[in-house]
Amino acid sequence: MALDLYYLEETDSVCSNRVVVTLAEKGITDWTPHKMILMNRDQFKPEYLKINPQGVVPTLVHDGVPIRESSLICKYIDDLYPEPSLKPKELSEQYRMNEWIKLFDERAFEATAVVNFVTKFRLTVPRDKMEERWKVIPSIDRLYRQKSVVLEGVESPYVMRAIGSFEMVFKLMEHALSDDRPYLMGDQFTLAETNLAPFVKVLEMVRFLDFWMEPYPRTRAWWDRMASRPSMQMLDDFPYSAVSEDSPHAKSGRATEVEFRKKLEEYREQFDHAFNPVD
Ligand SMILES: N[C@@H](CCC(=O)N[C@@H](CS)C(=O)NCC(=O)O)C(=O)O
């Protein structure tokens with residue numbers, strides 16, 4: 001059996017990291033790495049577009065068959081190697097896990113990209129480099145989002161949307177974890193964890209995690225459990241990590257913190273009442 005992974009090896013490459021962390025959690029090592037570099041436009045090379053027509057990373061190729069979409073790749077890997085299983089046994093519980101993953105795909109992915117762009121990309125990538133990138137970006141959604149966030153900073157409406165998305169995710173998590181379960185699905189560590197932890201990692205990289213998670217102590221404890229796992233610690237060895245206080249993520253995050261926190265407070269004042277999970 002041949003498993004080839006086309007991915008980005010960077011601490012903040014969230015979609016690739018979902019897959020890398022899932023492989024590590026399952027103890028799978030016999031895969032062939034194909035490291036991609038976005039700045040070299042590897043994702044738009046004809047041979048890559050054949051396996052991923054949207055020109056996005058990652059792609060897993062299993063015996064010549066391409067599997068796309070990071071959350072689906074993680075499920076595929078878990079089905080391909082049943083042990084140790086990263087999904088609950090009960091069908092209804094599998095559905096619940098998939099409901100979490102759908103929420104992370106739909107809300108947390110874009111929110112994480114916005115946090116990364118309003119900090120590191122906005123403050124460290126030269127504007128002419130961004131303009132070059134925007135001229136050839138194939139997705140109108142990404143173009144509007146990136147331009148708005150880079151040009152308007154925290155005043156971009158996408159920033160409020162991102163705050164709303166993470167707030168919704170954290171409120172749902174805090175509620176689910178209120179029975180002191182260690183993981184979202186109970187005692188079992190599952191794909192719900194591997195599909196969210198790389199996103200939350202970016203909040204840690206830009207030093208937003210401590211203030212953002214203040215009202216969510218159980219979610220914070222969940223994150224501390226994630227952060228202590230070797231599969232997550234491995235990400236700190238990748239390029240662009242933010243262990244150092246001088247890293248671009250740490251510096252640009254700290255430079256944005258005051259104005260970002262104001263937006264978070266504004267959101268909580270206006271919308272906190274609007275969404276509160278109950279049993
Ligand atoms: N929904 C896709 C999204 C993949 C995605 O957007 N990947 C980013 C890197 S994290 C990418 O390839 N960006 C290409 C670009 O910026 O040109 C998935 O989950 O796999």
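The values are calculated or read from the model by the stated rules, or taken from the named source; none is laboratory data. Model, not experiment: these values are computed from the prediction. Note that each Cβ is placed from the backbone with ideal geometry, even for glycine, and that neighbours are counted across all protein chains shown.
What the table below lists for this structure:
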quantity: Cβ-Cβ under 6 Å pairs, at least 6 apart or on other chains, the stretch 14-27 side of a type outside the set (Phe, Trp, Tyr) and part of a loop (DSSP other than H, G, I, E, B), far side surrounded by fewer than 22 Cβ atoms within 10 Å (Cβ to Cβ) and at pLDDT 95 or above; calculated: LYS26/TYR81
quantity: Pairs, first in the same structural domain as GLU69 (by TED's automatic domain parsing) in the stretch 37-57, second of a type in the set (Val, Ile, Thr) and outside any loop (DSSP other than H, G, I, E, B), C-beta under 8 Å, six or more apart; calculated: ARG41/VAL136; PHE44/VAL136; TYR48/THR59; ILE51/THR59; ILE51/VAL61; ASN52/THR59
quantity: Set ILE67, ILE73: member being within 12 Å of the ligand (Cβ to nearest atom), without any contact (Cβ under 8 Å) to a residue 12 or more places away in the chain, surrounded by 15 or more Cβ atoms within 10 Å (Cβ to Cβ) and more than 16 Å from MET168 (Cβ to Cβ); calculated: ILE67
quantity: Matching entry among ILE163, ILE140 (being away from the ligand (no atom under 16 Å from the Cβ) and not assigned by TED's automatic domain parsing to the domain that holds THR11); calculated: ILE163
quantity: Residue selected from the stretch 23-64 under the condition surrounded by 15 or more Cβ atoms within 10 Å (Cβ to Cβ) and of a type in the set (Gly, Ala, Ser), by the criterion nearest to the ligand (Cβ to nearest atom); calculated: GLY55
quantity: Subset tally (residues that are surrounded by 14 or more Cβ atoms within 10 Å (Cβ to Cβ) and in a helix (DSSP H, G or I)) for the stretch 237-258; calculated: 10
quantity: In the stretch 43-81, the residues that are among the acidic types (Asp, Glu) and in a helix (DSSP H, G or I); calculated: GLU47, ASP78, ASP79
quantity: The stretch 123-136 residues that are on the phi < 0 side of the Ramachandran plot and in a helix (DSSP H, G or I), paired with ones that are surrounded by 11 or more Cβ atoms within 10 Å (Cβ to Cβ) and of a type in the set (A, V, I, L, M) (beta carbon under 8 Å, 6 or more apart); calculated: LEU123/ALA255; ARG127/VAL150; MET130/VAL150; TRP134/LEU143
quantity: Residue satisfying condition, being more than 17 Å from VAL115 (Cβ to Cβ), out of contact with any Leu (no Cβ under 7 Å at 6 or more places or on another chain) and hydrophobic (A, V, I, L, M, F, W, C), within set ALA221, ALA192, ALA197; calculated: ALA221
quantity: Pair list, Cβ under 7 Å, 6 or more apart: the stretch 91-107 residue closer than 15 Å to CYS74 by Cβ, other residue aromatic (Phe, Trp, Tyr) and modelled with pLDDT of 95 or more; calculated: PHE104/PHE199
quantity: Members of the stretch 112-128 that are away from the ligand (no atom under 13 Å from the Cβ) and more than 16 Å from the chain's Cα centre (by Cα); calculated: ARG122, LEU123, THR124, PRO126, ARG127, ASP128
quantity: Out of LYS102, LYS89, sole residue that is assigned to a helix (DSSP H, G or I) and charged (D, E, K, R); calculated: LYS102
quantity: Residue check, GLU155 closer than 21 Å to PHE208 by Cβ, of a type outside the set (Ser, Thr, Tyr) and under 20 Å from the mean Cα position of the chain (by Cα); calculated: no
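Residues are listed down the side, and each one gets a yes or a no for (1) free of Cβ contacts under 8 Å to residues at least 24 places away in the same chain; (2) in contact with a Gly (Cβ under 8 Å, 6 or more places away or on another chain):
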position: LEU196; (1), (2): no, no
position: VAL206; (1), (2): no, yes
position: LEU209; (1), (2): yes, no
position: ASP236; (1), (2): no, no
